[in-house]
Every structure is written in C-alpha cells, then in structure tokens.
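What follows is one structure encoded as structure tokens, with my remarks underneath.
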C-alpha cells in the first residue's frame, strides 16, 4: 500500500507546484502588462526602460515597431490626441466620419511614433525632474544624451494625471516644441487648403499608413 | 559719425517707429500666410538645394573628428555671441549682456579664441542666441505674416526685418566691413570674407547637428510645409519669451473641451 501511495503524493506535489508556478507567471505577466507606476516621473522612467529593451533587442524593425506600438497604446492618450489634432473640425463631422478618423489616426500615430523611435538603437535618456503644473498635468523633464553625431535633446513629457492611478502621455515637447501642436497645425493646413474637406485628410492619412 | 553708424541708427529708428504702436502685442504661435503658393515652391527649391549642396557638406563635416567639430562649433558660437550681446543690450537684458560678455572674454582668452568653453565651468552659463528679430519681438512687434525665403528658409515679416538688422548690429560684421575700424584697431586680417566664412561654417555646423531630425520630420509629415511652419513659429515664440512651452501655463481650453465631451 505504502509503495502505491508514494507516486500519488509526488503527483499531487507536482500538480500543486505547477499550479503555483502558473499562478505566479500569470500574475507577473499581468503586472508587466498593466502595472505602470502612478507617479508620473516613475511612469516615464518605466516607459523609457521598456522602450530601451525593445530598441536594443536584435529584433527586426517590424517587430520593434509592434512592441513599441503596444507600449504606446497603453501609455499615450491616443483618442484624446486624435480629437485635439482635429481641432474644431471634430464638431462638424458626423459620428461615422469621427469613428473613421479615430481609426485612421491611431494607425497613423503608431506608424509615425514608432518610425521616429526605431531610428534609435540604444538611446540614452536621463529622467531629470518632474513638475506638477496643475491638478491635471505634470511635466516630466528628460534629456536624450548627445552622441558623437547628435547633440543632446531636451524632451519634456506632458503627463495627464486626472486619473492619478492611470497617468497618460498627452504631448512630447522636444526642445520646447510641442509635437501635438505641430500635428494639429499640419492637419489644419491640409483641411484649409482643401475647402475643409475631411475626406482629403482621410486620404492623406491613408497614404501615409500605406506607404 | 560714420555713414554706417548713421545707417544703424536709421534702421533702429525706423524699426522702433514701425513697431512702437504695437508694443503691447502678445507673442503668438500662429501667423497668417503672406503668399503660401510662393512659399511652398520656395521650400521645395530649398529642399532641392539642401539635398544637392548643404546636406552633403554637412555630412562631410560630420565625418571630421569630434574634437575638431566641437572646437569649430565653439569658435563660431563665440563669434556669434557678439550679436547676442548687442541684442541683450537692446532688449534691456543687462544681466544677459554681462553673462554674454563674460563668456566671450573668457572663451576668447582662456578658451583660445573660443575653441574651448571654459566659461561654462566658471559659472557663465551657456544661454540661447539672440537676434534682432527676437529683439523686435521683445519690443512688442507683431509677428507679421509667414513666408519662406530662398536659402534662408522660413521667416516672418518681423524676422525678415530682423535679418537685415542683424547685419548692422553685429560687431563682427562691423569689424570685417568697416574700413574706419581697420584704421583704428589695425585689423588688417579681418577682411570681409572672414565674415562670410564664419556665417557659412555656422550654417554647416547647424545643419550637421540636424541631419536626422530634419529627415525624421520629412519622413513622418503628411504636410512637410505645415510642420516646418508650426515648428518655426513655436521656436521663435519660445526664443522671444525665453521660456519653453512646457513651462508656461498652456491654453488648455481645447483639452478641457475634449475631457468634458
């Protein structure tokens, strides 16, 4: 009897250990996927670290772009940016057009964002300080360190903190120049040059996404 | 008073006369177009010129060893600080002027004609450049309209005036072009072409530091002209106010609207 009970005990142990391991893995994967710090400075530090791992990996540009897109989706207020960059025009278009714009903008944003980042293989960024400018916004100041080819670049991250538990990036201010504002003015220029026709903007976005 | 000095004072007097009524004008990020079709064509022309001439030169310059590039950059920045000094004074920024003068004196002597920057280590902080367009902005001049000049690139009515004004208030230009100062201080070697060598080197140095950033803007823009316009106007605005956008209380009314939607 004793001889027969031993394997059962061992199997039970194995099952329990396997479940525990699986549980730990699931928890850690979940935490890695969603648990960014609620402190804006740490939040940016974590994003930079995550992006650095992707950029310095030996993966292809396509895989890097996909990984960076995942980070961006979790940490950037893409929908807010979509509305902001469309300006007042968002009030003039119908819900179907707005939905189409949101979809196109997300694809455009991710392609443009990852394309800018994948040019860097091993960026060295120092997170310098953070400044709470209002109850909704904190500016996190960072510095992209100079290399033998490129000068140092000041990058300020405008972090939206209305929900303190889930900060989101709303703008990048590179050497004092707002990328969100630039994007907004670019879209406005396309619209104003084409009788405010939203379809021309759709076409321009589609061309960029497909090129 | 020499003819040149008379001309300088005339330019200043005209500038003040033109702009004084608008002293309270707030600095803007936007500007109307003067002649957009012409500006778009000029930008394309400039891009072609850049691709054929300036970018290859900048790439060649970048192939030089870092100490040479760094020394050259320091040297032209040191000469350029003379124009900054004039504008510091015209803007009434005497603290800035003393910092600029201190940096120039130390870097020209201890820093061996400006090739090194010991002043930064001695507490004389390296600050941004000032030009006459910025000075007009500080005096309250309105931006005017936006256009693109061949070779010189994006500008506004105010900055185009500034471009002309810069020549007259740049001490290095005066040293190299004014025959009277040649006699007074005996600067036989400072002939006119030295000024253009310095300006050309400064432009190449600037271009070499921005090869990737310009490529990235070009690659990721759906309207390159509009991107350049926006970046130029933002840059000028922050240079005039001497504070980056993120440090100001931004106009968040549009974001507020989105949040409450």
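The values are calculated or read from the model by the stated rules, or taken from the named source; none is laboratory data. Worth saying up front: this structure is predicted, and the values here are computed from it rather than measured. As a convention, Cβ positions derive from the backbone with ideal geometry for all residues, glycine included, and neighbour counts pool all protein chains shown.
Is it the case that the stretch A:144-157 has a residue that's buried (at least 19 other Cβ atoms within 10 Å of the Cβ), in contact (Cβ under 8 Å) with a residue 40 or more places away in the chain and either in contact with a strand residue (DSSP E or B) (Cβ under 9 Å, 6 or more places away or on another chain) or closer than 28 Å to residue B:30 by Cα (or both)?
Yes.
If we keep just the residues of the stretch B:51-77 that are within 19 Å of the chain's Cα centre (by Cα) and farther than 24 Å from residue B:120 by Cα, which is farthest from the other protein chains (Cβ to nearest Cβ)?
Restricting to residues being within 19 Å of the chain's Cα centre (by Cα) and farther than 24 Å from residue B:120 by Cα, the top hit is B:54.
For residue A:165, state whether it is in a strand (DSSP E or B), modelled with pLDDT under 95 and surrounded by fewer than 19 Cβ atoms within 10 Å (Cβ to Cβ).
No: the conditions fail for residue A:165.
Take residue B:116 and tell me if it is in contact (Cβ under 8 Å) with a residue 12 or more places away in the chain, surrounded by fewer than 21 Cβ atoms within 10 Å (Cβ to Cβ) and within 22 Å of residue B:77 (Cα to Cα).
In short, yes.
Residues to consider are B:39, B:70, B:98, B:86; find the one that is modelled with pLDDT of 85 or more and under 30 Å from residue A:149 (Cα atoms).
One residue alone meets the criteria, B:70.
All but one of (1) more than 12 Å from every other protein chain (Cβ to nearest Cβ); (2) closer than 24 Å to residue A:166 by Cα; (3) in contact with a strand residue (DSSP E or B) (Cβ under 8 Å, 6 or more places away or on another chain) hold for residue A:51; which doesn't?
(3)
Considering only the stretch A:163-199, state which residues are in contact with a helix residue (DSSP H, G or I) (Cβ under 8 Å, 6 or more places away or on another chain), at positive phi and more than 9 Å from every other protein chain (Cβ to nearest Cβ).
A:196 - this is the single residue of the stretch A:163-199 that is in contact with a helix residue (DSSP H, G or I) (Cβ under 8 Å, 6 or more places away or on another chain), at positive phi and more than 9 Å from every other protein chain (Cβ to nearest Cβ).
Looking at the stretch A:49-64 only, could you name the residues that are crowded, with 19+ Cβ neighbours inside 10 Å and closer than 22 Å to residue B:221 by Cα?
A:64, the sole residue that qualifies.
Filter the stretch B:189-206 for residues that are away from chain A (no Cβ under 12 Å) and in contact (Cβ under 8 Å) with a residue 40 or more places away in the chain and give the result.
Listed by number, the residues that qualify are B:198, B:201, B:202, B:203, B:204.
Restricting attention to the stretch A:78-92, and to residues there that are surrounded by 15 or more Cβ atoms within 10 Å (Cβ to Cβ) and more than 9 Å from chain B (Cβ to nearest Cβ), which single residue is farthest from residue A:187 (Cα to Cα)?
Out of the qualifying residues, it is A:78.
Please go through the stretch A:118-154 and give me each residue that is facing chain B (nearest Cβ under 10 Å) and not in a loop (DSSP other than H, G, I, E, B), ordered by number.
A:131, A:137, A:139, A:140, A:141, A:153, A:154
Among the listed residues B:135, B:201, B:157, which satisfies the condition of being closer than 27 Å to residue B:236 by Cβ, at pLDDT 95 or above and surrounded by fewer than 17 Cβ atoms within 10 Å (Cβ to Cβ)?
B:201 is the lone residue from the list that is closer than 27 Å to residue B:236 by Cβ, at pLDDT 95 or above and surrounded by fewer than 17 Cβ atoms within 10 Å (Cβ to Cβ).
For residue A:202, state whether it is more than 10 Å from chain B (Cβ to nearest Cβ), surrounded by fewer than 19 Cβ atoms within 10 Å (Cβ to Cβ), touching a helix residue (DSSP H, G or I) at 6+ places or on another chain (Cβ under 8 Å) and closer than 15 Å to residue A:106 by Cα.
yes
Looking at the stretch A:178-211, which of its residues are outside any helix (DSSP H, G or I) and touching a strand residue (DSSP E or B) at 6+ places or on another chain (Cβ under 9 Å)?
Within the stretch A:178-211, A:178 is the sole residue that qualifies.
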